[in-house]
Amino acid sequence: MSSKKRTLDTFFTPTSTKKAKIEESQEPPSNHPTYPFPVPQLSQSILNGLELAPEVKGKVINDQPDLDLLYFQPYIPKDISLDLFRFLRQSLFFYKVQYTIKRGSVETNITTPRYTTVFGVDESSQFAPDGSLVDSATKRPIPKDRYKCRPRPLPQCLEALRMLTEASTGETYNFCLVNYYASGNDSISYHSDDERFLGANPAIASFSLGAKRDFLMKHKPPSKAGHLNTGDVPTLQAESKSLKLPLGSGDMILMRGPTQSNWLHSIPKRKGADAEKGRINITFRKAMVKAGTENYYTYNVGSGGVSKWDEAKGEVMPWK
DNA sequence: TTAAATAACACAG
DNA sequence: TCTGTGTTATTTA
């Protein structure tokens with residue numbers, strides 16, 4: 001029998017290289033019955049880097065009507081933001097959600113042009129230490145039929161980021177949505193995060209990791225903006241410019257106050273040099289009622305198969 | 001300088 | 001909130 005001993009030449013090549021290998025944590029991975037597979041904890045070097053976050057003080061952007069942003073450029077220290085990006089891309093499970101929409105009579109199949117995943121549960125419930133769901137008020141197990149979906153707790157790696165974000169924004173969050181844009185061809189078109197289950201003036205913290213992508217914002221048309229436009233007298237709409245923020249790795253933008261009810265945002269497709277590099281977007285938000293939980297698991301997990309980053313292929317692939 | 005090629009943008013369905 | 005298409009802006013030869 002040939003032994004598994006290393007040959008002479010491999011003995012003299014390093015077993016790990018600093019840049020290719022992602023440092024592993026000694027702590028046990030996060031797991032839960034709803035996870036397709038366990039999620040490793042953050043490495044000590046990333047945890048050390050996060051202690052320095054936010055890297056800079058947030059800059060307030062409120063010089064447009066109904067706009068209130070807090071922009072950290074960056075929030076995650078530059079020297080670990082790419083490590084964090086690679087860690088999350090490699091460690092999380094992702095979904096490519098498909099759904100159908102009806103436009104008048106025609107039904108169209110939509111494949112979302114990005115990968116998504118989601119963790120968290122709305123304010124009516126919470127996760128007990130053992131991972132089960134309990135009612136927030138009574139702390140008793142929730143009725144079996146409260147949710148059609150199966151809510152998942154945040155893994156430690158995202159929980160750490162959530163706590164940091166709460167501390168530096170003065171807000172609280174119970175949901176974490178993660179998007180992976182594989183290339184400049186992946187996108188999200190103009191929309192607002194103004195669902196009723198988020199409440200009136202939701203605060204949403206949005207992190208950008210990996211490739212730089214433009215984040216576009218424009219005011220909603222007057223007919224759809226969240227103003228009570230009741231009077232018969234035509235109101236003079238103050239002119240508002242569109243914004244283009246070049247979100248770099250580690251940047252965080254907090255959207256708060258009247259922003260969601262009055263502004264749209266998007267990540268448009270981009271061609272060219274940086275089109276080949278991936279970007280991860282992490283948002284923290286707070287869903288107030290159970291409808292939010294059902295919505296997020298429908299549109300960010302869906303019912304299709306699990307996908308996972310394939311390091312050899314260099315892309316997210318169907319898992320198993 | 002000009003014009004073709006490419007990318008961004010706006011809007012309809 | 002997607003895709004397609006026509007228009008406008010930018011880049012390049």
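Against the condition within 16 Å of DNA strand B (Cβ to nearest atom) and not in a loop (DSSP other than H, G, I, E, B), how does residue A:190 come out, does it pass? Spell out the reasoning first.
Details: within 16 Å of DNA strand B (Cβ to nearest atom): yes; not in a loop (DSSP other than H, G, I, E, B): yes.
It is true that residue A:190 is within 16 Å of DNA strand B (Cβ to nearest atom) and not in a loop (DSSP other than H, G, I, E, B).
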message = Cβ-Cβ under 6 Å, sequence separation 6+ or interchain: first residue in the stretch A:192-208 and of a type outside the set (S, T, N, Q), partner assigned to a loop (DSSP other than H, G, I, E, B). Which pairs?
response = A:197/A:287; A:197/A:288; A:197/A:289; A:199/A:288; A:203/A:171; A:203/A:256; A:204/A:193
request  = Would you check which residues across the stretch A:208-264 are among the hydroxyl-bearing types (Ser, Thr, Tyr), at pLDDT 85 or above and either part of a strand (DSSP E or B) or surrounded by fewer than 16 Cβ atoms within 10 Å (Cβ to Cβ) (or both) and list them?
outcome  = A:208
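Could you tell me which residue of the stretch A:144-185 is nearest to residue A:300 (Cα to Cα), considering only residues that are among the acidic types (Asp, Glu) and in a helix (DSSP H, G or I)? Explain how you work it out, then say what you get.
Let us first name the residues in the stretch A:144-185 that are among the acidic types (Asp, Glu), namely A:145, A:159, A:166, A:171.
With in a helix (DSSP H, G or I) added as a condition, the list becomes A:159, A:166.
On the way: A:159: 19, A:166: 23 Å.
Within the stretch A:144-185, the match that is nearest to residue A:300 (Cα to Cα) is A:159.
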request  = Inspect the stretch A:29-40 for any residue being within 16 Å of DNA strand B (Cβ to nearest atom) and under 30 Å from residue A:185 (Cα atoms) and give the result as yes or no.
outcome  = no
inquiry  = For the stretch A:132-143, check the following and say yes or no: at least one residue is touching a strand residue (DSSP E or B) at 6+ places or on another chain (Cβ under 8 Å), within 16 Å of DNA strand C (Cβ to nearest atom) and either among the hydrophobic types (A, V, I, L, M, F, W, C) or not in a loop (DSSP other than H, G, I, E, B) (or both).
reply    = no
ask   = Pick from A:55, A:107: which is at pLDDT below 95 and under 30 Å from residue A:241 (Cα atoms)?
value = A:55
query = How many residues, within the stretch A:65-86, are among the polar types (S, T, N, Q) and assigned to a helix (DSSP H, G or I)?
reply = 1
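The values are calculated or read from the model by the stated rules, or taken from the named source; none is laboratory data. This is a predicted model, so every value here is computed, not measured. Backbone-built Cβ (ideal geometry, glycine too); neighbour counts: all protein chains shown.
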